[in-house]
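Shown next, in structure tokens, is the structure this report addresses.
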Amino acid sequence: MKRIWGIAFLFLLTSCSLPLMGAKNSQGFSLTTDVRTGDLQIPSGQYNVTWTEPSGSQVQLTLKADGKKTITVPARLITEIHDEAGVTTFSEQGITYLQDFHTTKQTFILAGTPSAPGGWRRSIAPIRAREAGSRKRRLV
């Protein structure tokens, strides 16, 4: 009887911890407008982004949304502290570019996206857009 309880306990422990381990490299966020990264057009919507374990500073980001095509893009990983997770976008000549995706501890700079002009950045939080007054100046 003890053996059955032991096996049941191990099964319960394993089934509860596996989803937590899988969610380690993922984050949800919202795009309020269509954006571009390199030659890819990414439609607005709710996304879940996952990333591979880094190879040096390089990772692959996979963006998934219900009913939309899965998008995979290369990115460079930087350890950086943020108040909240989100994305950084900027507009140039009427085109909105997705510059990076960031968690509270990491920033993923997307390959193929030009730097924001003048270093002005606009962050969009995971679920809601931040107020316009939250712009940050960063030297590029």
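Each reported figure results from applying straightforward, stated rules to the coordinates on display, with no laboratory input. All of these numbers come straight from a predicted model, not from anything done at the bench. Neighbour counts are summed over all protein chains in view; Cβ atoms, including those assigned to glycine, are modelled from backbone coordinates with ideal geometry.
A few notes on this one:
- Each of residue 58 and residue 24 was given a label point 7 Å from its Cα along the Cα-to-Cβ line. The distance between the two points is 2.3 nm.
- Length added when fully stretched, residue 32-residue 79, from 0.36 nm per residue minus Cα-Cα: 14.3 nm
- You can think of it this way: the chain between residue 48 and residue 69 has 6.3 nm of extra reach, that is 0.36 nm per residue less the Cα-Cα gap.
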